[in-house]
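What follows draws every value from the coordinates through simple rules; no lab data is involved. What you see is a predicted model; the values in this text were computed from it and never measured. When we count neighbours, we look across all protein chains shown, and the Cβ atoms used for this are built from the backbone with ideal geometry, even at glycine.
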Amino acid sequence: MSEVLRLEHVSKSFGTKEVLKDINFSVNSGEIIGYIGSNGAGKSTTIKLILGLIDDYQGNVLVFGENIKGQYEYKRRIGYVPEASDMYDNLTAYEYLSFIGMLYGIKEEKSVAKGREMMGVFGIDEAIYGRIHTFSKGMRQKLSIITGMLHNPDILFLDEPLGGIDANSVLVFKEIMKNLKEEGKTIFYSSHILEVVEKLSDRILLINEGKIVIDGTMADVMSKQSDTSLESIFNDVTGFHDHEALARKFTDAFMN
Amino acid sequence: MDEFLSIRILDSFKNIFKTFGINYELLRVILKTKLTLDIRRAPAVNTNNRKKDEEQTSVFKGYLLHLIFGVFLAFFIYFIKNQMIRMMYFSGAFFFMTTMYLISDFSFVLLDTKDKNILLTKPVDSRTVSLSKVLHILIYMFRLNAFIAGPSLIAMTMSSGPLAIPIFLFEILMMDLMIFLLTAFIYLLVLRFFDGELLRNIINLIQIFLTILVSIGYQIAVRMIDFTSLQNTGYTFKTTHYFNPILWFGAPFEIIFHGGESYLYVFTALIIIVPTASFAYYLSLSKKMERLLLKLEGEGKERPAKHRIERLVGVIINRNEVSKQSFHFSNAMFRSDRSLKLKIYPALSMGILLPVLMIFNMGVRGQRFEAGGYEYLYLYYNLIIFPSIYNLVNYSSAWKGSYIFASSGFNSMGNVYRGLMRSMAYKFFIPLIILNGVIYTIIFKFRFAVDIIILLMAGIAIMPFIGKMYLSVPFSMPIDESNRKDSFWRFLLYFGIVAVLAALHFFSRSVALGIWIYTAVLLTAIIISWRIIPEKINSPS
């Protein structure tokens, strides 16, 4: 196992708001990292920073051992499935696949053939000539996953990849993750669906208010925190315990 | 994706890009995709009845207005013999049209962040992405140029010979660059100092004001020089003209055809230096711009506003709860939907501009604002602009929310329209008339006070009728599609109605007691039309 990603003392502020505070961690190949945290904790910012979407930060980000500042070639080996599946959705799936393939230097025939096969797995290959804006949320997300993986990347950044995807496809997706891990791919998985994260990841990174507060394997984290599930760890760390009272309040308002 | 002519032309400059270390193949693919997207952005309403090949023709339909303008401009070019004056007219009009178009239709390209999320996560140099953005906009400007400037190029060649062609084309390129850069720099400046929600509001305001200002600025720029007769006017140089780009562009022609004085060479140098230097500066800033654009994605804090006056007005003019809520809902939409505002306010500004221009033109003809007694008729232009605003109200950038009208089983649309139109009167029509009233009062004292009140009443009386002609479910269609031209015949019918109103107004003034009778008639019309017609406005079939 070799190190593929390292963040050293990374901090980032938007105006006066400090979003990331001295983040340090490193990731080895073949790891599946569950990256979790509350809304606004800094998850997406971390990912955007590694992908070079944000380039004014303090500290160092190293991908495959090299500092990414000013670089873009390393992106050839990185796949990204964004949370808000930003796509040129007036294109057809076919056109979009070949366009994205082209950006990675893949020939049209190959990217389309590959994409079509992957779409077939998720049962949406018949929609390949349809414009993306006519797709349902789940179909869009499936296509977004596919275009993020089209170029056989070594590291995958998945930001809430399962939104709107049906249960059967989720099963397939989880198996794919396992296979990719066996192939030595690294997966950086960010999500709010903790059950999935718990099952998939072999290591948890929990970010709270811009700081990494938990970093360790599932087993480690469980025993240290004396909790039984990722959900309860999450509640503990973020200091959230009054869900029952809140639900009562909501129901009362509902009935009035 | 078909091959685009513009891309094939670009191909011949391939090597230039390569010398600057740009990955041309990548640039080409990105541009091609963007152009394809733009074609598909074009009208998609009624896609069911539309044949596919109409996609192409609709692009040209959209330029018809520009072509008419271009031909009109060419006549000026042909008849004005003085090179300086001629180009002053041309560049003034050219800056005006192109800037308007760029701001209203291409701000979204300049301010796009989706682009970045898709492209920069791939192994693509950020320079290539920025360049594709610039080229994308320039290609559109050139396409527009062909319609606006094409006829003038022919006129120019006819009157000054083929030597004019290369100079003219070069000047167009420089003007395009200037327009593009000016717009970009203004945005950059705003982005530099503000963030989030506030920023978007400021940009929106600037877009609106710029659009309006450009339309007035042209008038001012052209009038910086006093000319009595187009044909014989000569040009006299003043030092301040160095700062007025509109005056620069005649210089190269003057030099070639008449030989020149030193200031002409300065003008010529300015034509070349200003755009190229600013372009180099822009490219050096583009990285900064991308970074600043990120601010657009962030949320800002909006101060909670109470809108006390609006709430009070809502209570006073609406006795029905539905129409009151519709009034507030519409006000809120007009206040917050930036894309909608960007379309509505420039359209509205023409209502102020047109009457003022008519009076001003009289002044130029030497009548010096002495009222002829019929100037109130110009104010009927205020009514002419109303259909375009009614048409826009059917659109919104938040159009998806309109499902609620269907899903809630709501069936009292009449009152919704009543509230909506009251909001339109409150936010657009009445302020417009008041503003015009103020301008008229400044110019003519209180001579037309009664007429302005009559106009106001006539406008309010026909509002429900315009609603019947133009409204469907409010805010229910995507704002991007609002560029569809209005049906000509419907507009002609409306124009006829306004003409009749103006005629009635004129007639009532010439008869004893006519004004009072007409006022009474209008009052009755207001009551009846607002009571009956809103219920008859139907949902789209």
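First obtain the Kirkwood hydrodynamic radius of the range A:1-147 from its Cα pairs, then insert it into the Stokes-Einstein equation at 4 °C and 1.567 mPa s, and state the resulting D in µm² per second as a whole number.
75
For a Förster distance of 56 Å, can you work out the FRET efficiency between the beta-carbons of B:Glu3 and B:Phe446, rounded to the nearest 0.05?
Working from the Cβ atoms, E equals 0.30.
In whole percent, what relative contact order does chain A give with Cα contacts below 8 Å and a gap of six or more residues?
Details: 425 pairs, mean separation 63.2, N = 256.
In percent, rounded to a whole number, it is 25.
Separation between the B:Arg291 and B:Ser262 pseudo-spin-labels, each 7 Å from Cα along Cα→Cβ, expressed in nm?
The answer from the label model is 4.4 nm.
When the convex hull of the Cα atoms of the range B:445-541 is projected onto a plane and the area is averaged over all directions, what value comes out in nm²?
8.3
Could I have the simple spin-label model distance between A:Ala219 and A:Ile176, label points 7 Å from Cα toward Cβ, reported in nm to one decimal?
Taking the simple label geometry, A:Ala219 and A:Ile176 are separated by 3.0 nm.
Express the relative contact order of the range B:314-536 as a whole percentage, based on alpha carbon pairs under 8 Å and six or more residues apart in sequence.
This gives 30 percent for the range B:314-536.
Helix-derived [θ] at 222 nm for the protein assembly as shown: sum -39500 (n - 2.57) over DSSP H runs of at least 4, divide by residue count, nearest 500?
-19500 deg cm²/dmol
Springs between alpha-carbon atoms under 10 Å, Gaussian network over chain A: tell me which of A:Gly148, A:Gly37, A:Gly130 tops the mean-square fluctuations.
Looking only at A:Gly148, A:Gly37, A:Gly130, the biggest GNM fluctuation is shown by A:Gly130.
For the protein assembly as shown, just the Cα atoms, rotate onto the principal axes and tell me the three extents in Å, largest first.
97, 77, 50
Along each of its three principal axes, how wide is the spread of alpha-carbon positions in the range B:314-536, in whole angstrom units, largest first?
Here the spans come out as 60, 35, 34 Å, largest first.
Between B:Ile309 and A:Lys21, what is the label-point separation in nm under the 7 Å Cα-to-beta-carbon projection?
4.5
Across peptide A:52-62, how many C-beta atoms of other chains are within 10 Å of each residue C-beta, on average?
2
With bins 5 Å wide starting at 0, give me the P(r) of chain A over every alpha carbon pair, in whole percents.
1, 6, 12, 16, 17, 16, 13, 9, 6, 3, 1, 0, 0
For the range A:192-226 and the range B:420-465, write down the distance between their C-alpha centroids in whole Å.
66
Using a Gaussian network model on chain A with a 10 Å cutoff between Cα atoms, which of A:Thr238, A:Thr16, A:Thr45 fluctuates the most?
A:Thr16
With no solvent and one equal point scatterer per Cα, compute the Debye intensity ratio I(q)/I(0) for the range A:116-256 at 0.20 Å⁻¹ and report its log10, rounded to two decimals.
Log10 of I(q)/I(0), two decimals: -1.20.
Using the 2.2 N^0.38 Å rule of thumb for compact globular proteins, work out how the range B:314-364 stacks up: its C-alpha Rg over that value, please.
The value comes to 1.72.
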